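The values are calculated or read from the model by the stated rules, or taken from the named source; none is laboratory data. As the structure is a prediction and not an experimental result, all values here were calculated from the model. So basically every Cβ, Gly included, is an ideal-geometry build from the backbone, and we count neighbours across all protein chains shown. Heavy atoms of the whole protein, side chains included, go into the accessibility calculation; ligands, DNA and RNA do not. Shrake-Rupley method; radii C 1.70, N 1.55, O 1.52, S 1.80 Å.
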Amino acid sequence: MELLALDEDSLMEIFSYFCFNELLVLSSVCQRFLHLCQRHLRKIRHFELDYRSVVGRENYPEYLRNVFTSLGPTLEAFRFSGGYIMNETLKQLIVESLATHCTNLRYLTINYTILNEQQLRPLAVLLDKLLHLDLGCCDLTDDSLGEFLRSRPLKLRSLALPGNTNMLGKFFEHWTTATELEQLDVSHCFSLNVQDMDAFLKHAKRLKAVDVTGSLWLQRNKDIFSKDGRSIAMGTSMPVLEYYKAG
């Protein structure tokens, strides 16, 4: 009996024994294999991309294309940490693939990866549905971040921007789209002037927790979080998810 003569349920059982990378390879054999592989791969809802497993591949663009086309439509959470010394072509390919294929993301984490305007701009299309965004230690600037956050209405409940030491806080100016935001982590952004948050706080009515650990301006403006009868807690509790990580 030929393999393709088997019924769908039998083939699904056989394909369940293949690992992640084997399913990616098999998905390029034929349309029926593609359909079967995607049925398995799209059970993965939270995915972490391992930079080391990608950069060592001879044809990493094709590998990434298979990953994002297979997982993207049903992916709810994605995490990536690339390191400051990173292939720019690979970085751009990742952000563009996220924007194209992962339109149902609710949680996005990119850490220790320099993100400039060119990389942030494609990611803006995800802001319509994202509930949590973590761009910790991404060397963000006030100009690029401000443009990014103001580009669309936000559904964000939590935003983490820790360790972006170049941010001064100017991105808070004219940021009026954070009406759903409940938690904000700007810890260890040492030059951040919390006084620049004054106008922002009037729009962020639902903000209930903020982490400004390490701000050199905090002591001078420590009462800013208790103005107008509000009581914003110092310290955040960001979502913690478990991720599938392909070997």
message = I'd like the chymotrypsin sites (Phe, Trp or Tyr not before Pro) in region 53-90 restricted to DSSP loop residues with at most 12 other Cβ atoms within 10 Å, sorted by number.
response = 84
Answer label, with Kirkwood radius over Cα pairs in Å calculated from the coordinates and candidates [x] 19.6; [y] 18.4; [z] 21.4 = [x]
query = If one computes the Cα centroid of region 1-58 and of region 59-82, what distance in Å separates the two points?
reply = 13
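Using R₀ = 35 Å, calculate the FRET efficiency as 1/(1 + (r/R₀)^6) where r is the Cβ-Cβ separation of residue 52 and residue 179; round to 0.05.
Working: r = 39 Å, r/R0 = 1.13.
That pair, residue 52 with residue 179, gives E of 0.35.
Might you tell me the accessible area per residue for region 122-240, computed with a 1.4 Å probe and given in Å²? Please report the intermediate quantities before stating the final value.
Working: 5460 Å² over 119 residues.
With the other protein chains kept in place, region 122-240 gives 46 Å² per residue.
When a/c is below 1.5 the answer is rounded, else prolate if a/b is larger than b/c, else oblate, so apply that to region 110-247 with a ≥ b ≥ c taken from the square roots of the Cα gyration tensor eigenvalues. Mind showing how you got there, number by number?
Working: a/c = 1.43, a/b = 1.40, b/c = 1.02.
Cα axes put region 110-247 in the rounded bin.
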Crossing angle, helix 31-41 versus the chain [Cα axis fit, 0-90 degrees, rounded to tens] = 40
task = Order the peptides 155-167, 28-40 from the highest to the lowest mean number of other Cβ atoms within 10 Å of their residues.
result = 155-167, 28-40
note = Rounded to a whole %, the carbon-and-sulfur portion of the accessible area of region 195-247 at a 1.4 Å probe is 49
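Take the Cβ-Cβ distance between residue 202 and residue 231 as r, set R0 to 25 Å, and report the resulting FRET efficiency rounded to the nearest 0.05.
Working: r = 15 Å, r/R0 = 0.62.
It comes out at approximately 0.95.
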key: Where a label projected 7 Å from the Cα of residue 190 along Cα→Cβ would reach, residues of region 123-147 with amide N under 16 Å   = 137-140
query = Taking the Cα centre of the chain as the origin, how large is its charge dipole in debye, to the nearest 20, when only Lys and Arg (+1) and Asp and Glu (-1) carry charge on their Cβ atoms?
reply = 680
query = What does the charge dipole of region 181-247 about its Cα centre add up to, to the nearest 20 debye, if the Cβ of each Lys and Arg holds +1 and the Cβ of each Asp and Glu holds -1?
reply = 160
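Quantify, in whole percent, the carbon and sulfur part of the accessible surface of region 56-141 (1.4 Å probe; protein heavy atoms only). Mind dumping the intermediate values first?
On the way: 1760 of 3490 Å².
Looking at region 56-141 in its full context, I get 50 percent from C and S.
Can you compute the FRET efficiency between residue 39 and residue 128 using 1/(1 + (r/R0)^6), with r the Cβ-Cβ distance and R0 = 35 Å? Round to the nearest 0.05. Please list the in-between numbers first.
Working: r = 27 Å, r/R0 = 0.77.
Once rounded, the FRET efficiency stands at 0.80.
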request  = Please work out the average accessible area per residue across region 1-45, using the 1.4 Å probe convention, and give it in Å².
outcome  = 64
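Would you kindly state how much longer the chain becomes between residue 165 and residue 222 on full extension, computed as 0.36 nm times their sequence separation minus their alpha carbon distance, in nm to one decimal? Before the final figure, lay out each step's value.
On the way: separation 57, 0.36 × 57 = 20.52 nm, distance 1.97 nm.
Result: 18.5 nm gained on full extension.
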